[in-house]
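One structure is given below, encoded as structure tokens.
The values are calculated or read from the model by the stated rules, or taken from the named source; none is laboratory data. Not measured: the values here are computed from a predicted model. No Cβ is skipped: glycine too gets one built from the backbone with ideal geometry, and neighbour counts run over all protein chains shown. We work out accessible area using only protein heavy atoms, side chains counted, and drop any ligands, DNA or RNA first. Shrake-Rupley method; radii C 1.70, N 1.55, O 1.52, S 1.80 Å.
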Amino acid sequence: MTLAYGLVTGVLFGFLLQRGHVLRYDKQLGALRLVDMTIVKFMLAHIMVAMVGIYLLHDLGLVKLSLKATALGANAIGGLLFGLGWGLVGYCPGTSVGAVAEGRLDAVFAIAGMLVGAAVFARAYDALLPTVYAWGNYGKISLPGLLGVNHWIVIVVLLACYAGILRFLERKGL
């Protein structure tokens, strides 16, 4: 059943990516050049819905959260590699699969690159643990945990901030 949920949510997410026009190369390039905020707005809206949905499901006892350790070194290097790959091929993991589904075969190269990168990472993981993963490792932390407040307080504040950012971007026509 878990696989069925994954398939349904994946197809729904792909549909939303397509309807939001974020699969288009010009939108990807515009986001990287900071001249078209379509993808930024899509991601902010997605984060807003996801954080409310996940924590609501958690509070209802329907899902279990599994925090990963905050390792600044691994996050920084991973983010740089992700951004480099996105900049080189013009697709991130979700948009590359969506682009292939639309018939754009150039995205196949992006997917192949991601698979090669994943294989290299899997082989290097044991060597990365005592090095890159140790740099700036703060353990399993969360913003509500650091602040010592209920997670809904943080969520409401973030929702207000993100809504403000979305409103600003819309008013500027970005």
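Here are a few things to note about the model shown:
- Of the chymotrypsin sites (Phe, Trp or Tyr not before Pro) in the range 90-174, those whose Cβ has at most 11 other Cβ within 10 Å and which sit in DSSP loop: TYR138
- Against the empirical 2.2 N^0.38 Å (N residues), the chain has a Cα radius of gyration ratio of 1.16.
- Solvent-accessible area per residue for the range 75-127 (1.4 angstrom probe, square angstrom): 65 Å²
- Counting only trypsin sites (Lys or Arg not before Pro) that DSSP places in a loop and that have at most 11 other Cβ atoms within 10 Å, the longest clean stretch of the chain runs over 69-139.
- For the range 97-174, the carbon plus sulfur part of the accessible surface works out to 70%, probe radius 1.4 Å.
- Only DSSP H runs of four or more residues enter the estimate; each adds -39500 (n - 2.57), and after division by the residues of the chain the mean residue ellipticity at 222 nm equals -23500 deg cm²/dmol.
- For the range 1-63, the per residue solvent-accessible surface stands at 69 Å², with DNA, RNA and ligands left out and a 1.4 Å probe.
- What separates the Cα centres of the range 1-38 and the range 71-88 is a distance of 20 Å.
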